[in-house]
1. Just the residues that are surrounded by fewer than 18 Cβ atoms within 10 Å (Cβ to Cβ) and aliphatic (A, V, I, L, M), please, taken from region 149-172.
2. Among all residue pairs at least 6 apart or on different chains, which show Cβ distances below 7 Å where the first residue, located in region 51-73, is farther than 16 Å from T40 by Cβ and the second is among the charged types (D, E, K, R)?
3. Just one of the numbered conditions (1) in a helix (DSSP H, G or I); (2) modelled with pLDDT of 80 or more is not true of L81; which one?
4. Under 7 Å by Cβ, and 6 or more places apart or on different chains, what pairs join a residue from region 147-162 that is more than 13 Å from V125 (Cα to Cα) with one that is part of a helix (DSSP H, G or I) and open to solvent by less than 80 Å² (accessible area, probe 1.4 Å)?
5. Pairs please, first residue from region 87-108 and at pLDDT 85 or above, second anywhere and open to solvent by less than 40 Å² (accessible area, probe 1.4 Å) and charged (D, E, K, R), Cβ atoms under 8 Å, 6+ apart in sequence or on different chains.
6. Would you confirm whether any residue within region 4-25 is more than 30 Å from A149 (Cα to Cα), open to solvent by 40 Å² or more (accessible area, probe 1.4 Å) and not in a helix (DSSP H, G or I)?
7. With at pLDDT 80 or above and at positive phi as the only criterion, which of G195, G122, G178 stands out?
8. Open to solvent by 90 Å² or more (accessible area, probe 1.4 Å) and within 19 Å of V169 (Cα to Cα) - does that describe any residue in region 35-52?
Amino acid sequence: MAPSHLSVREMREDEKPLVLEMLKAGVKDTENRVALHALTRPPALLLLAAASSGLRFVLASFALALLLPVFLAVAAMKLGLRARWGSLPPPGGLGGPWVAVRGSGDVCGVLALAPGSGAGDGARVTRLSVSRWHRRRGVGRRLLAFAEARARAWAGGMGEPRARLVVPVAVAAWGVAGLLEGCGYQAEGSWGCMGYTLVREFSKEL
């Protein structure tokens, strides 16, 4: 499928269940890798070991005391990622959510945008997911190009001196990071816990 066969338009209400499933599937693709990355950092291993040692005095089973903290930590991280990226945000000043459509109605990707938190921060991508059946076929690039065009139009309408787009990427999503770098984006910041990065932010002056 070539990018020219794709169009991007606002999501219709009847497409919402399909789009939600696409977002949840996208989160599932990365949450295990993010959890593995986070829980194998030395501070996390130290905390898990301390929790296991404490539980050994309460629980009769050594295996349960060892596995329970890991299970709870993984579950909490997965729930946090799903709550953050697995749902649709309300429509904002940049419109949307937007869907990439193949042909007459095959929804294959979703995009949501929001203004930055402060003046001059530009626009932010808050959701970007492509159906697993349509990956590596230009859908992500098409949505990204559309996001850039929306960010430019929004900045011009707001009288901003420059247009800028920020895209957050989970640390385990190497394919997305490679796509952004290939499109001229640069890593500019990150957030995580205990001093370790879980999400990187890429930005581009438009």
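1. If the condition is that a residue be surrounded by fewer than 18 Cβ atoms within 10 Å (Cβ to Cβ) and aliphatic (A, V, I, L, M), then A149, A153, M158 are the ones that fit.
2. Listed pairs, sorted by first residue: F62/R56; A65/R56.
3. Failed condition: (2).
4. Every condition considered, the pairs that remain are R162/A155.
5. So the pair list comes out as P97/R127; V99/E15; V107/E15.
6. So the first thing to find is which residues in region 4-25 are more than 30 Å from A149 (Cα to Cα), and the list is none.
No: region 4-25 contains no residue that is more than 30 Å from A149 (Cα to Cα), open to solvent by 40 Å² or more (accessible area, probe 1.4 Å) and not in a helix (DSSP H, G or I).
7. Details: G195 fails: at pLDDT 80 or above; G178 fails: at positive phi.
Just a single option satisfies the conditions, and that option is G122.
8. Among the residues of region 35-52, at least one is open to solvent by 90 Å² or more (accessible area, probe 1.4 Å) and within 19 Å of V169 (Cα to Cα), which makes the answer yes.
The values are calculated or read from the model by the stated rules, or taken from the named source; none is laboratory data. Just so you know, these numbers come straight off a predicted model, no measurement behind them. Every residue, glycine among them, receives a Cβ derived from its backbone with ideal geometry; neighbour counts consider all protein chains shown. For accessibility, only protein heavy atoms count, side chains too; no ligands or nucleic acids. Shrake-Rupley method; radii C 1.70, N 1.55, O 1.52, S 1.80 Å.
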